[in-house]
1. So, in region 56-80, exactly how many residues are modelled with pLDDT of 90 or more, of a type in the set (Asp, Glu) and either closer than 17 Å to Arg26 by Cα or crowded, with 17+ Cβ neighbours inside 10 Å (or both)?
2. What single numbered condition from (1) within 28 Å of Asp100 (Cβ to Cβ); (2) open to solvent by 30 Å² or more (accessible area, probe 1.4 Å) fails to hold for Ala196?
3. Would a scan of region 170-185 turn up a residue that is surrounded by 12 or more Cβ atoms within 10 Å (Cβ to Cβ) and at pLDDT 50 or above?
4. Of Ala214, Ala253, Ala257, which residue is out of contact with any Leu (no Cβ under 8 Å at 6 or more places or on another chain) and of a type in the set (A, V, I, L, M, F, W, C)?
5. Collect the residues in region 212-251 that are farther than 19 Å from Phe12 by Cα and polar (S, T, N, Q), keeping them in residue-number order.
6. Tell me, which residue of region 31-52 that is of a type in the set (S, T, N, Q) and assigned to a strand (DSSP E or B) is surrounded by the most Cβ atoms within 10 Å (Cβ to Cβ)?
7. How about region 202-220: which of its residues are under 26 Å from Gln112 (Cβ atoms) and not in a strand (DSSP E or B)?
Amino acid sequence: MPASPVLRLSAFGAVMEIDCADPTARLACLNALPAYWQPADGVAPDVRFTLTVSDPTQDSAPRFLLVEDGTRLGDGVTTAQLAALLAQRMDYQLGAFARDCAFIHAGVVLYQGHAILLPGPSRAGKSTLTAALVRAGATYVSDDVAVLDREGRARLLTRPLTLRADMAGADALPGTTDAALLRAGTVPLGAVLALAYRDGATPVDLRPLSAGEAVLRLVAHAMNGRHQPEVVLASCGAAVLPAWCAQGERGEADAAARQILVHCQKCE
């Protein structure tokens with residue numbers, strides 16, 4: 001009996017289904033997925049993906065169509081483009097449907113055994129400040145998503161730095177050679193900093209946030225708050241208790257990063 005073209009994978013309680021009969025595309029997509037996905041046969045999926053050949057030309061590489069829950073996302077894409085697009089969409093849906101942790105839009109670095117979280121919306125400067133913190137001595141974890149478990153600890157899942165094209169000069173990218181070492185494990189939070197960039201501002205101008213205010217800041221940027229509000233509230237509530245929580249403005253990223261790490265040392 002031939003193998004089924006349908007695969008079901010899970011991570012953090014979110015379940016995705018991939019229907020792909022083409023063996024080359026199927027292998028490329030599976031190789032592109034993050035390490036934390038596991039088989040989930042027999043479990044109802046939250047989201048379904050269908051991958052089909054859209055251009056079966058014999059004298060050139062095939063092109064593919066990706067459909068997510070009935071919505072066409074990519075048509076005529078190459079095998080590599082298909083794998084990248086599927087991985088991106090599965091990561092997004094993982095954050096939306098996770099049942100075991102809170103997924104928060106935030107930059108994350110590791111410093112002296114604690115996580116520093118920088119929650120904020122897109123284009124808020126998270127990636128820029130994350131990169132600056134790494135240059136100042138922190139260890140890169142993510143510039144996009146923080147994962148907080150029910151005990152309030154940050155999961156050390158690595159994600160690529162995604163600076164916008166107008167910011168991605170060679171000197172802006174931190175080294176991430178230790179990324180493979182951060183595939184597993186958790187750490188407590190050392191700081192939650194809700195910072196807005198303002199041109200000409202002092203390096204860092206902060207005021208303390210209460211635990212309740214900090215939770216609200218994190219929940220406002222939760223990816224799975226709609227589907228799992230209780231998990232998100234519990235995880236964020238536990239996370240902020242041991243942390244230095246503040247909000248305010250920052251100026252130039254490198255100066256701000258150095259000042260943040262000095263303050264974190266004083267909080268130890």
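The values are calculated or read from the model by the stated rules, or taken from the named source; none is laboratory data. Nothing here was measured: the structure is a model prediction, and the numbers come from that model. Reconstructed Cβ throughout: ideal geometry from the backbone, glycine too, with neighbour counts over all protein chains shown. For accessibility, only protein heavy atoms count, side chains too; no ligands or nucleic acids. Shrake-Rupley method; radii C 1.70, N 1.55, O 1.52, S 1.80 Å.
1. Qualifying residue count, region 56-80: 1.
2. It fails just one condition, (1).
3. Yes, some residue in region 170-185 is surrounded by 12 or more Cβ atoms within 10 Å (Cβ to Cβ) and at pLDDT 50 or above.
4. Details: Ala253 fails: out of contact with any Leu (no Cβ under 8 Å at 6 or more places or on another chain); Ala257 fails: out of contact with any Leu (no Cβ under 8 Å at 6 or more places or on another chain).
Exactly one of Ala214, Ala253, Ala257 is out of contact with any Leu (no Cβ under 8 Å at 6 or more places or on another chain) and of a type in the set (A, V, I, L, M, F, W, C), namely Ala214.
5. Gln247
6. Going through the qualifying residues, I end up with Thr50.
7. Start the filter on region 202-220 by keeping residues that are under 26 Å from Gln112 (Cβ atoms), which leaves 202-211, 213-215, 217-218.
Across region 202-220, the qualifying residues are Thr202, Pro203, Leu209, Ser210, Ala211, Glu213, Ala214, Val215, Arg217, Leu218.
Matching residues to (1) in a helix (DSSP H, G or I); (2) at pLDDT below 85; (3) aliphatic (A, V, I, L, M):
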residue: Met16; (1), (2), (3): no, no, yes
residue: Cys29; (1), (2), (3): yes, no, no
residue: Ser54; (1), (2), (3): no, yes, no
residue: Leu82; (1), (2), (3): yes, no, yes
residue: Ala115; (1), (2), (3): no, no, yes
